[in-house]
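Peer 1: After the structure tokens below, expect a handful of questions from me.
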Ligand SMILES: *Cc1c(COP(=O)(O)O)cnc(C)c1O
């Protein structure tokens, strides 16, 4: 049976060049990067080379890059560390209702510490409004976090405008760019951000490695305590192999982006058109054009997303409902709900995220195989029967 991986938004396979570079570190460079002898020095050198690659990829200076254990950790250090370091100036924070849980839950924990958080709403396509953001600003606002692009529906947010306003008012601005690095251009100067989070395993690098960009001169309160590594913000002996892996991954991701994103965009559009065109009562979630090139999120009315995903899995197709973090729980996606979808429509939603391995044949396969699965599930659905008979549903 054909196997089609359409869950690159959840994680990506590790690319060959990354594995090779990491294997070499594991087998040949075991020294502690903090040791000044001939075993430690090569490890330090590899870390600093990787730091330059990450910096280069996002238009930063290497001194502004801190390696972390994940994208989640980078988000937490920026948000919690940034808020705590500035609480004498004010206790008001702003974020959005569609953030990844790494960001949302960091803000929730700050609320318990006495910070006040405004959660910006989104429109029907998942975008925040700059005007609503401006209205939310207060004299005591100290930190703002708006994701570069949404991981579920692919909406790209107006981060440049929000960043510019924050800079003018000397408010710290963090953006979670885990989904955009290697997909669309990411430049910290254009975004006007003070912090930016990225992650290795979404760009064909290893899991368990991320990086935080922290603009020169910005201070945060450390969340951990120990050695002096990573400017004391991520103490603990560095994961040299993962750091090297991230460096190689990001270098390739950015170099191949123009061609690869254009290729994925074409495949994505064909997938969307194929599904919407062949199955009735379906809709695209998120914007048609201002979205991540590899993301298709489609609601298929009158069926359960979980049943759909399992049926697709049995035919070799790996997709997700909402985000990987919320699937498995029965709550519908907080992003789709915020976009105004009903509970039932949100439940019947499918996220397909394309990547390196995705081919024209994969797209054809999904378009061909999805319809019979949907037909079968709908044939068993009492809601579909009501809909067919024209009876009220909600
Ligand atoms: C995957 C993801 C994260 C978390 O990154 P990890 O490295 O898995 O911790 C954060 N934000 C967004 C938008 C993501 O897609």
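Peer 1: Could you go through region 356-373 and let me know if any residue there is modelled with pLDDT under 95 and more than 30 Å from residue 15 (Cβ to Cβ).
Peer 2: Checked region 356-373: no residue is modelled with pLDDT under 95 and more than 30 Å from residue 15 (Cβ to Cβ).
Peer 1: Which of the residues spanning region 356-381 are part of a loop (DSSP other than H, G, I, E, B) and in contact with a strand residue (DSSP E or B) (Cβ under 7 Å, 6 or more places away or on another chain)?
Peer 2: Within region 356-381, 357 is the sole residue that qualifies.
Peer 1: Six or more apart or on different chains, Cβ under 7 Å: which pairs go from a residue in region 195-213 that's touching a residue at least 12 places away in the same chain (Cβ under 8 Å) and closer than 16 Å to residue 148 by Cα to one that's part of a loop (DSSP other than H, G, I, E, B) and more than 10 Å from the ligand (Cβ to nearest atom)? Could you list them?
Peer 2: 198/181; 202/12; 203/12; 203/181; 203/182; 213/60
Peer 1: In the list 222, 235, which residue meets the criterion of being in contact with a helix residue (DSSP H, G or I) (Cβ under 7 Å, 6 or more places away or on another chain), surrounded by fewer than 21 Cβ atoms within 10 Å (Cβ to Cβ) and either assigned to a strand (DSSP E or B) or assigned by TED's automatic domain parsing to the domain that holds residue 56 (or both)?
Peer 2: Step by step, each of 222, 235 is checked, and only 222 is in contact with a helix residue (DSSP H, G or I) (Cβ under 7 Å, 6 or more places away or on another chain), surrounded by fewer than 21 Cβ atoms within 10 Å (Cβ to Cβ) and either assigned to a strand (DSSP E or B) or assigned by TED's automatic domain parsing to the domain that holds residue 56 (or both).
Peer 1: Condition first: assigned to a loop (DSSP other than H, G, I, E, B) and more than 16 Å from the ligand (Cβ to nearest atom). Now tell me which residues in region 1-30 satisfy that.
Peer 2: 1, 2, 3, 15, 29, 30 - these are the residues of region 1-30 that are assigned to a loop (DSSP other than H, G, I, E, B) and more than 16 Å from the ligand (Cβ to nearest atom).
Peer 1: Please verify whether region 209-222 includes one or more residues that are out of contact with any strand residue (DSSP E or B) (no Cβ under 6 Å at 6 or more places or on another chain) and within 16 Å of the ligand (Cβ to nearest atom).
Peer 2: yes
Peer 1: Within region 158-178, which residues are within 13 Å of the ligand (Cβ to nearest atom) and more than 12 Å from residue 193 (Cβ to Cβ)?
Peer 2: Answer for region 158-178, where residues must be within 13 Å of the ligand (Cβ to nearest atom) and more than 12 Å from residue 193 (Cβ to Cβ): just 178.
Peer 1: Of the numbered conditions (1) within 16 Å of the ligand (Cβ to nearest atom); (2) surrounded by 24 or more Cβ atoms within 10 Å (Cβ to Cβ); (3) over 29 Å from residue 45 (Cβ atoms), residue 182 satisfies every one except a single condition; which is it?
Peer 2: (3)
Peer 1: Still on this model: Surrounded by 24 or more Cβ atoms within 10 Å (Cβ to Cβ), more than 16 Å from the ligand (Cβ to nearest atom) and at pLDDT 95 or above - does that describe any residue in region 85-99?
Peer 2: Taking every residue of region 85-99 in turn, at least one turns out to be surrounded by 24 or more Cβ atoms within 10 Å (Cβ to Cβ), more than 16 Å from the ligand (Cβ to nearest atom) and at pLDDT 95 or above.
Peer 1: Can I ask one more? Identify all residues within region 129-144 that are touching a helix residue (DSSP H, G or I) at 6+ places or on another chain (Cβ under 8 Å) and within 20 Å of residue 195 (Cβ to Cβ); write none if there are none.
Peer 2: Result: 130, 133, 137, 142, 143, 144.
Peer 1: Right, here's the next one. Among the candidates 367, 373, 393, which residue alone is more than 30 Å from residue 99 (Cβ to Cβ), touching a helix residue (DSSP H, G or I) at 6+ places or on another chain (Cβ under 6 Å) and surrounded by fewer than 16 Cβ atoms within 10 Å (Cβ to Cβ)?
Peer 2: None of the other options fit; the residue is 393.
Peer 1: When only residues in region 67-83 that are within 22 Å of residue 151 (Cβ to Cβ) and more than 9 Å from the ligand (Cβ to nearest atom) count, which is surrounded by the most Cβ atoms within 10 Å (Cβ to Cβ)?
Peer 2: Once the filter is applied, the top-ranked residue is 78.
Peer 1: Among 128, 117, 146, 103, which is over 15 Å from the mean Cα position of the chain (by Cα), within 16 Å of the ligand (Cβ to nearest atom) and touching a residue at least 24 places away in the same chain (Cβ under 8 Å)? Let's see the steps before the verdict.
Peer 2: Details: 117 fails: within 16 Å of the ligand (Cβ to nearest atom); 146 fails: over 15 Å from the mean Cα position of the chain (by Cα); 103 fails: over 15 Å from the mean Cα position of the chain (by Cα).
The conditions single out 128.
Peer 1: Restricting to region 258-301, name every residue that is under 19 Å from the mean Cα position of the chain (by Cα), part of a helix (DSSP H, G or I) and buried (at least 20 other Cβ atoms within 10 Å of the Cβ).
Peer 2: Across region 258-301, the qualifying residues are 264, 268.
Peer 1: Let me ask another. Can you name the residue in region 188-208 that is outside any loop (DSSP other than H, G, I, E, B) and away from the ligand (no atom under 16 Å from the Cβ) and, of all such residues, is surrounded by the most Cβ atoms within 10 Å (Cβ to Cβ)? Reasoning before the result, please.
Peer 2: First, the residues of region 188-208 that are outside any loop (DSSP other than H, G, I, E, B): 188-191, 195-199.
The next check asks that each one be away from the ligand (no atom under 16 Å from the Cβ); those that pass are 188-190.
Numbers: 188: 22, 189: 11, 190: 14.
Selected residue: 188.
The values are calculated or read from the model by the stated rules, or taken from the named source; none is laboratory data. As the structure is a computational prediction, the values presented were derived from the model and not from experiment. Reconstructed Cβ throughout: ideal geometry from the backbone, glycine too, with neighbour counts over all protein chains shown.
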